[in-house]
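A short write-up of the structure that comes next.
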């Protein structure tokens, strides 16, 4: 199976299945000398792991990471970093009824038609379980970005089903299980999710990710634009069906006089472009929003077919997230970090010595969401 490596200079190759012995990845291209410990990675994995509240899957995984290579005496050596996470609580028996049938909305049918063989246990390679290793690799990238360039990456749940969530402050995000930037809406979200779980149904979500202090100049025009790479990275996350950069689809109804971000000596007046112009970072906050579809594994019976093409009814049991978006914020942050890390190293390789006489203006005069 091709397509398991992400990145050009900072490259991540992942492996493993949802119900296999373990999942893991190899991170190649990390510069040497970065102080790195298990704790640096584990804290992000703990934010993503299952079983953290009644509103997500009750699969109990510690997601404890092991560093197998690439770190010596507490620092990266420049050689490939091997990361491993053991699967501890797979219940393959929950999927026994899916050996010969295809779940609506899942990759079951397409995997079978493409490969002629399919791991039906929890979706196998198509499972969101794989995203744990992205978060582990992303933790390495975000630490390097923070130490070398001061880049800080945040994310929050900006919509859950029909509930649009306001932004109050970043501190609130880490203090509730929904990654909400407004703690006052949490009781309403809890009630909504309790009712949804009882109904056996699911909803989608919207996640907004912001990278602050990104230097001007990262990214290249045409085929390796920073925004096109970000879009590809975000779309590679399970269940993501939409990506917006900056104002995104709202740009359709804006006038050019509104959308074009004016420049002043003090900084940009707005950030409708999401911190990227011509595929190159502007020095403003890089803002990416993703839309996540409703979880396909639901208890409500759905029509499908079996391997012989005969009609069947499928009811998915087992442990599933009523909304996969609730745990997706650390994943979106990780993919943002991986893309920025790759572009930082690409920029360093070709353009590190480029100087201009034009001052580098501040990011934005107003908030990036204005």
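No lab work stands behind these numbers, since they all come straight from the coordinates. Note that this is a predicted model, so its numbers are computed, not measured. As a convention, Cβ positions derive from the backbone with ideal geometry for all residues, glycine included, and neighbour counts pool all protein chains shown.
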Original post:
Just 71, 135, 252 to compare: in a GNM of the chain, with alpha carbon springs under 10 Å, which one fluctuates most?
Top reply: 252
Original post:
Extent of the stretch 1-54 along each principal axis, from alpha carbon coordinates, in Å, largest to smallest?
Top reply: 40, 33, 17
Subject >> For the stretch 230-370: relative contact order, % (alpha-carbon pairs under 8 angstrom, 6 or more apart) >> reply: 33 percent
Original post:
Once label points are set 7 Å from the Cα along Cα→Cβ at both residue 194 and residue 114, what is their separation, rounded to one decimal in nm?
Top reply: 4.1 nm
Original post:
With each run of n ≥ 4 DSSP H residues scored as -39500 (n - 2.57), what mean residue ellipticity at 222 nm is computed for the chain after dividing by its residue count and rounding to the nearest 500 deg cm²/dmol?
Top reply: -7500 deg cm²/dmol
Original post:
Starting at 0 and stepping by 20 Å, how many percent of the alpha carbon pairs of the stretch 5-351 end up in each bin?
Top reply: 29, 57, 14, 0
Original post:
For residue 216 and residue 236, what is the calculated FRET efficiency with R₀ set at 30 Å and r taken between the beta-carbons, to the nearest 0.05?
Top reply: 0.70
Original post:
Which value in nm describes the separation of the simple spin-label points at residue 365 and residue 72, placed 7 Å from the Cα toward the beta carbon?
Top reply: 5.3 nm
Original post:
Does the stretch 146-234 classify as rounded, prolate or oblate by the C-alpha gyration tensor (a ≥ b ≥ c root eigenvalues; a/c under 1.5 gives rounded; else a/b over b/c gives prolate, otherwise oblate)?
Top reply: oblate
Subject >> Max mean-square fluctuation residue, GNM over the chain, Cα-Cα springs under 10 Å, options 107, 205, 181 >> reply: 107
Subject >> Computed over the stretch 5-351: relative contact order in percent, which uses C-alpha pairs under 8 Å that are six or more apart >> reply: 22 percent
Subject >> Extension gain from residue 348 to residue 305, taking 0.36 nm per residue of separation minus the Cα-Cα distance >> reply: 10.3 nm
Subject >> Distance between modelled label sites at residue 1 and residue 175, nm, 7 Å Cα→Cβ extension >> reply: 4.1 nm
Original post:
Hey, fewest Cβ within 10 Å first, where do 112, 218, 144 land in order?
Top reply: 112, 144, 218
Subject >> Candidates 77, 110, 208, ranked by Gaussian network fluctuation over the chain, Cα under 10 Å, top entry >> reply: 110
